[in-house]
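*Asks:* Below is one structure. I have some questions about it.
The values are calculated or read from the model by the stated rules, or taken from the named source; none is laboratory data. As the structure is a computational prediction, the values presented were derived from the model and not from experiment. Virtual Cβ from ideal backbone geometry, glycine too; neighbours counted across all protein chains shown. Accessible surface is based on the protein model in full, side chains and every heavy atom, while ligands, DNA and RNA are left aside. Shrake-Rupley method; radii C 1.70, N 1.55, O 1.52, S 1.80 Å.
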Amino acid sequence: MGHKVVVFDISVVRALWETRVKKHKAWQKKEAERLEKSALEKIKEEWNFVAECRRKGIPQAEYCKNGFVDTSVRLLERIERRSLAAQSALSKERDKRSSEFVFELSGDHWKEFPDSLKEQTHLKEWHISNTLIQIIPKYIELFQAMRILDLPKNQISRLPAEIGCLKNLKELNVSFNHLKSIPPELGDCENLEKLDCSGNLELTELPFELSNLKQVSFVDISANKFASVPICVLRMSNLKWLDISNNNLSDLPQDIDRLEGLQTFLLYKNKLTYLPYALLNLKKLTLLVVSGDHLVELPTALCDSSTPLKFVSLKDNPLENTQCQDGDEMMESERDRQHFDKEFMKAYIEDLKERGRLFVCKII
């Protein structure tokens, strides 16, 4: 009896599987269409769209009409474009409104203020630099809204007493001019917070009336001829920054610790030979910069790592004065050198702060 051999037709098997594959694909397509049309999927899509609109700050009224959410991509793009345009317009309008209160003047072709300025008493800021203007007009008292007087690098020789009428003044910068005195009336500017009289070269004192400036936190009187720390400065109870570098200080007052809130004290390029122990009482002092050229001793406790003080010692390297026939040219050269020193020191300190390399250093 022979063996039975079962013979399969491969084409039949192939046709069977092809049919099954087609049916499975058709089912997948149908299921995908069902999910696409299902309420759950639509709710999910709408929720994602709403979340995206909220993230971009688009108000609900823009994409929801009569209770239905329009999830059109074009709608979202249109709303975004309109929103950006509105923000740009708002920014321009804000800048325009801001510029309406700011007066700017620069260039050595200006020797006096324009006549039209006296009519613009609504101004809140003056920014005037690099001009040949020598006198601040008395009608400045009319600018009762003034907040900032920024007047560096001009030829201003005096400030009018009327400046004391600016009760809302917060910042006064008259650095690198030709001032020889400050009017005592400035002490009436009770809201003043920042005073910069640096680089005038001829200032020797500040009026005692400035003791009334209890809001001042920043004073810069560097690059002048102060022989001591002004008494009025010692009575500025809110002072945090004091720069009296590049002057003629031979010592510091024993009551320097009256400045209890002082954080930064710049003393470099003076004639100091020692630092008083009273500095140890300035518990908030974190940055002290002195010229190491004349120091022969300092309180040992200043180098104690437990104190918050970061003591930066810099040796003086004064430039030799060159002979000059013209006194004015020599003065301008000195003013330029002082300005360069000031900018260099500022950059140096900022660099140390950024790199965290402020350190305690003892000079022998």
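*Asks:* Between Glu33 and Lys284, what is 0.36 nm times their sequence separation minus the Cα-Cα distance? Round to one decimal in nm.
*Replies:* 83.2 nm
*Asks:* Something else about it: What is the packing order of peptides 162-168, 272-278, 221-227, taking the mean over residues of other C-beta atoms within 10 Å and listing the highest first?
*Replies:* The densest-packed peptide leads the list: 221-227, 162-168, 272-278.
*Asks:* Enter the accessible area of Glu190 (Å², nearest 10), with the probe set to 1.4 Å and all protein chains included.
*Replies:* Number for this one is 110 Å².
*Asks:* How high is the FRET efficiency from Asn168 to Tyr274, r the C-beta distance, R0 45 Å, rounded to 0.05?
*Replies:* Given R0 = 45 Å and the Cβ-Cβ separation, E is 0.60.
*Asks:* Which whole-number percentage describes the relative contact order of the range 230-282, with Cα contacts under 8 Å and a sequence gap of 6 or more? Mind showing how you got there, number by number?
*Replies:* Working: 76 pairs, mean separation 22.4, N = 53.
Across the range 230-282, relative contact order equals 42 percent.
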